[in-house]
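Colleague: The structure follows.
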Amino acid sequence: MTPKRRGQAPRQSDVARLAGVSQSAVSRVISGDVDAARIPEETRQRVLAAIKELGYVPNASARNLRNKRNQLIGVHTFEAVFPHARDDFYFEFLLGIEERAEETGFDLVLFTSTGAGDGRRRVYRDGTNRLNLADGSVLLGVATDRAELARLWADGYPFVHIGRREVPGAEIPCVIPDYRGAAIGIVDKLAGHGHRRFAYLREPMELEPYADRRDGYREAVRRLGLIDRSPGFRGESGLTDDWIDEIVRGGETAVVAESVRMAEHLLGGLTARGVRVPEDISVAVLEATGWWDSLEIPRIAIGRIAVDRVIDMLDDPDRSPGSLLVPCPIVPGKTIAAAQERRP
């Protein structure tokens, strides 16, 4: 059964309004903290009737979190992210999470092992949410288990996912690097250098971060009236010698690559054909890097924001925080130059 959208779910305040009582009275009825002196039986019955009429489902975590916290924030990864230490994509996210947790008086609990035997990292084991040890959690990783995200969301457990994840029937709270806006910015920068003929290098990945990059690139190309007849723009992935030959013959002056890996492969192929970067063809990368003109992912800031979003959920369990876009600045490198006319 698909869970209801949180924005449509009845709240404790709705129950109080329908029953004509205070929200604290509703809370005491739900928790069983009632006696004849404080909560008359007639009032208790009105509250129970309102709960039934509205279909209100008490959030056990929310009831406890208002007054009882372990002062623990969990960090759950859906894949191994720690063995590579400072070279790892996730390292600075973790730095930001740690910094902000310490500043706000929370300790961190790291959830990394499932014991499932198949290498997958799961939140639920034997029907139990392992993250419940923590007051709320930050989740990250490429190999996200969407069914577990949906279950966490439906259960009302406070969590935030780093990176956009779409789950049917649920509104997953995310802190999202704005890859779409960065792709638009990179195309605008290339167009500002006079480039009109573009090519797009596409990774064979169908995850939300890549979809955001492609949407931004496509929007900018169409808005500016630029030309892109490349296989990548048509939705084809990968880079072949034929692809490079086509770019060299076609008169394109700018290439936007989704990854450093593909950009470096392209550079090797262009160099072997006597084509220079950036003098003959400018190349930009939709990934953080030092040498290429590229985007920057503010990982530390995103980790800090994720902790703040979890704490916001703990402070106000009835309010859904939604998702937040974090801008990714364009970082100048050495791979973009003014367009030079190249005849097809």
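The values are calculated or read from the model by the stated rules, or taken from the named source; none is laboratory data. Predicted model only: the values in this text are computed from it and were never measured. Ideal geometry is used to build each Cβ from the backbone, glycine not excepted, and the neighbour counts take in all protein chains shown. For the accessible areas, the whole protein counts, side chains as well, though only heavy atoms, and no ligand, DNA or RNA atoms are used. Shrake-Rupley method; radii C 1.70, N 1.55, O 1.52, S 1.80 Å.
Colleague: What net charge do the residues around Leu295 carry, taking every other residue with its C-beta under 10 Å from that of Leu295, with Lys and Arg at +1 and Asp and Glu at -1?
Modeller: Once positives and negatives cancel, what remains is -3.
Colleague: Can you compute the modelled spin-label distance between Ser22 and Met205, with each label point 7 Å from Cα toward Cβ, in nm?
Modeller: Going by the 7 Å Cα→Cβ label model, 5.3 nm.
Colleague: Another question about this same structure. Ordering Leu72, Leu110, Leu131 from largest to smallest accessible area (1.4 angstrom probe), what's the sequence?
Modeller: Numbers: Leu72 35, Leu110 100, Leu131 0 Å².
Result, largest first: Leu110, Leu72, Leu131.
Colleague: Which order do Asp242, Asp178 take when ranked by solvent-accessible area (1.4 Å probe, heavy atoms of all protein chains), largest first? The partial results should precede the final answer.
Modeller: On the way: Asp242 115, Asp178 40 Å².
Heavy-atom accessible area, descending, gives Asp242, Asp178.
Colleague: Rounded to a whole number, what is D in µm²/s for the stretch 201-246 from Stokes-Einstein with the Kirkwood radius over alpha-carbon pairs (25 °C, 0.890 mPa s)?
Modeller: 215
Colleague: In nanometres, what is the gap between the two model label sites at Asn132 and Arg319, each 7 Å from Cα along Cα-to-Cβ?
Modeller: Here the answer is 2.7 nm between the modelled labels.
Colleague: Below 14 angstrom from the Cβ of Gly181, what's the summed charge of the other residues (Lys, Arg +1; Asp, Glu -1)?
Modeller: +1
Colleague: Okay, next question. Out of Leu239, Leu54, Leu295, any idea which swings most in a Gaussian network model of the chain, alpha carbons joined below 10 Å?
Modeller: Result for the chain, Cα springs under 10 Å: Leu54 fluctuates most.
Colleague: What accessible surface, in Å², does a 1.4 Å probe find on Val248, ignoring ligands, DNA and RNA and rounding to the nearest 10?
Modeller: Ignoring ligands and nucleic acids, Val248 comes out at about 40 Å².
Colleague: Given the options Leu149, Leu207, Leu286, which has the most mean-square fluctuation in a GNM of the chain, springs set between C-alpha atoms less than 10 angstrom apart?
Modeller: Leu207
Colleague: Which residue, Gly235, Tyr217, His193, has the largest displacement toward the positive end of the dipole of the stretch 161-236 when charges sit on each Cβ (Lys, Arg +1; Asp, Glu -1)?
Modeller: Going by the charge dipole, the pick is His193.
Colleague: Next question, about the same structure. So what is the 222 nm mean residue ellipticity for the chain from helices alone, if each DSSP H run of at least 4 adds -39500 (n - 2.57) and you divide by all residues, rounding to the nearest 500 deg cm²/dmol?
Modeller: Computed mean residue ellipticity for the chain: -12000 deg cm²/dmol.
Colleague: While we're on this one: On full extension of the chain, what length is gained from Asp188 through Glu42, given 0.36 nm per residue of separation minus the C-alpha to C-alpha distance?
Modeller: Between Asp188 and Glu42, full extension yields 45.9 nm more.
Colleague: Determine by what factor the alpha-carbon radius of gyration of the chain differs from 2.2 N^0.38 Å, reporting the quotient.
Modeller: Expressed relative to 2.2 N^0.38 Å, the Cα Rg reads 1.25.
Colleague: Moving on. Could you work out which residue, out of Ile311, Ile244, Ile172, moves most in a Gaussian network model of the chain, that is, has the largest mean-square fluctuation with Cα springs under 10 Å?
Modeller: Checking each option, the largest mean-square fluctuation is seen for Ile244.
Colleague: Top to bottom by accessible area (1.4 Å), largest first, where do Glu287, Glu279 land?
Modeller: Glu279, Glu287
Colleague: Now for a separate question. Out of the DSSP beta bridges found with both residues in the chain, what percent are antiparallel (nearest 5)?
Modeller: 15
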